[in-house]
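The values are calculated or read from the model by the stated rules, or taken from the named source; none is laboratory data. What you see is a predicted model; the values in this text were computed from it and never measured. Glycine also receives a Cβ, built like all others from the backbone with ideal geometry; neighbour counts cover every protein chain displayed. Heavy atoms of the whole protein, side chains included, go into the accessibility calculation; ligands, DNA and RNA do not. Shrake-Rupley method; radii C 1.70, N 1.55, O 1.52, S 1.80 Å.
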There are 2 protein chains.
Amino acid sequence: MSANGAPARPIAIIGGTGPAGMGLALRWARAGETIIIGSRDAQRAEQAATAIQRRMGRPVPVSGMENKAACAAADILMLTVPFEGQASLIKQLKPAMTAGSILIDATVPLAAGVGGRASRTLGVWQGSAAQQAAELVPEEVSVVAAFHNVSAELLGGDNPLDCDVIVCSDDADAAQLTRELAAKIPGVRALDGGKLENARIVEQITALLIGLNVRNKGHAGIRITGLPPAAYL
Amino acid sequence: MSANGAPARPIAIIGGTGPAGMGLALRWARAGETIIIGSRDAQRAEQAATAIQRRMGRPVPVSGMENKAACAAADILMLTVPFEGQASLIKQLKPAMTAGSILIDATVPLAAGVGGRASRTLGVWQGSAAQQAAELVPEEVSVVAAFHNVSAELLGGDNPLDCDVIVCSDDADAAQLTRELAAKIPGVRALDGGKLENARIVEQITALLIGLNVRNKGHAGIRITGLPPAAYL
């Protein structure tokens with residue numbers, strides 16, 4: 001634990017300088033987490049960290065590193081990159097991943113990645129982007145699928161969100177940790193979405209939400225209703 | 001319009017004696033709609049209609065007919081049958097469908113239909129069960145996908161629901177009519193889910209909700225957040 005009681009265990013946000021990565025960094029920094037923003041370009045990562053610092057208005061444990069260094073320095077890896085960059089980035093980072101790490105994947109295989117529409121998805125042979133990730137990481141690394149359906153714009157704001165995060169993984173402990181991280185974001189409830197294979201559905205929902213956003217000029221999210229309180233974290 | 005001001009235009013609920021069909025019949029009967037419950041067996045359909053009458057405690061325009069007769073007697077056809085029966089039923093009913101009819105399809109291609117799990121889906125060549133339906137109906141019949149994600153158990157109860165209905169169709173008027181029917185169910189908001197091809201995502205969501213129900217003993221539904229009020233009907 002760090003001096004202020006927050007966990008010193010860092011979260012590396014790989015490819016974290018985009019809107020989703022920056023939004024998560026901001027929200028988790030506010031919750032007292034230690035964050036490493038990763039980028040292909042170390043300088044860009046540092047600038048992103050400085051931007052978070054400035055936004056917070058007080059010194060917070062947020063730093064920036066080149067992706068591989070960020071990966072080596074953390075056991076919790078949050079992946080927020082476009083689908084078209086996901087597989088090659090994971091292959092590149094694989095040697096830097098330490099055994100026992102958790103890779104939280106928020107990748108959505110949008111057809112936009114190959115020049116198609118953001119309201120359509122690509123078929124992924126493994127079933128989902130998250131399952132593709134699981135095939136590429138070292139054996140001792142657990143993959144969790146989460147945060148696909150959270151609006152990056154709203155994450156980057158100051159208001160509590162109004163959405164649920166559905167967490168899918170074959171590793172119950174990794175899923176639990178991820179649900180706890182999700183629940184640290186004000187307004188977010190976390191749900192056990194079952195096995196990693198279910199990520200295929202959660203990923204698709206993002207394409208539906210993008211379509212709703214386009215038609216209605218909004219920042220759509222989802223809430224799951226009808227479950228007992230114990231279902232939500 | 002009928003004497004009590006309700007629309008006399010009937011809604012035929014094809015394969016309507018199951019929980020989802022009976023729930024919709026009940027909710028729409030309460031809203032003053034004229035309902036024909038369809039079943040393979042005319043007598044079973046009549047019994048179902050009598051059950052709704054009894055439940056309402058007052059005479060309501062709810063009748064029961066064999067599926068084909070129900071189909072011929074209505075321009076709004078609500079299909080609530082298991083996926084494994086969908087294609088053959090539509091083929092059988094095709095001659096009875098009148099030009100200008102709307103077929104509202106709530107079919108979910110659950111793997112349970114072929115002995116698999118209800119939390120997994122089957123791949124449908126056309127993309128979704130609704131698109132399969134669209135390929136099978138006469139050209140002058142519009143297909144709308146809706147009501148996949150509404151709990152049949154809660155539909156059959158007396159309390160307002162707490163969920164949204166995402167409506168997908170290539171026919172804007174048919175989609176609008178369906179959204180209006182959805183919004184007649186207390187607690188339901190209807191949303192434009194875009195083209196019929198998007199039904200593939202909405203259908204999958206049901207499998208995810210079934211998994212959530214199994215893990216949490218609930219009756220899960222979804223709400224879409226983050227859209228302006230005008231997005232919801």
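General remarks:
- Pairs with Cβ under 9 Å, 6+ apart, first in segment B:147-166 and on the phi > 0 side of the Ramachandran plot, second outside any helix (DSSP H, G or I) and among the small types (Gly, Ala, Ser): B:Phe147/B:Ala106
- For segment B:133-165, residues that are acidic (Asp, Glu) and open to solvent by less than 10 Å² (accessible area, probe 1.4 Å) total 1.
- Looking only at segment B:143-197, and only at residues there that are in a loop (DSSP other than H, G, I, E, B) and of a type in the set (S, T, N, Q), the one that is nearest to A:Asn216 (Cα to Cα): B:Asn149
- Criterion violated by A:Glu140 - all others in (1) within 14 Å of chain B (Cβ to nearest Cβ); (2) assigned to a loop (DSSP other than H, G, I, E, B); (3) charged (D, E, K, R) satisfied: (1)
- Positions within segment B:64-73 being part of a strand (DSSP E or B) and either over 17 Å from the mean Cα position of the chain (by Cα) or closer than 11 Å to B:Ala29 by Cβ (or both), in sequence order: B:Met65, B:Glu66
- The residues on offer are A:Ala73, A:Ala31, A:Ala51, A:Ala45, and the sole one that is of a type outside the set (Val, Ile, Thr) and surrounded by 24 or more Cβ atoms within 10 Å (Cβ to Cβ) is A:Ala45.
- Residue within segment B:31-54 that is under 29 Å from B:Gly115 (Cβ atoms), outside any helix (DSSP H, G or I) and charged (D, E, K, R) present: yes
- Residue pairs meeting the criteria (Cβ under 8 Å; at least 6 apart or on separate chains; first closer than 21 Å to B:Ser119 by Cα, in segment B:183-206; second of a type in the set (Asp, Glu) and crowded, with 24+ Cβ neighbours inside 10 Å): B:Ala199/B:Asp105
- Scanning segment B:112-131 for residues that are buried (at least 22 other Cβ atoms within 10 Å of the Cβ) and more than 10 Å from every other protein chain (Cβ to nearest Cβ) yields B:Ser128, B:Ala129, B:Ala130, B:Gln131.
- Among the residues of segment B:179-233, the ones that are on the phi > 0 side of the Ramachandran plot and within 9 Å of chain A (Cβ to nearest Cβ) come to 3 in all.
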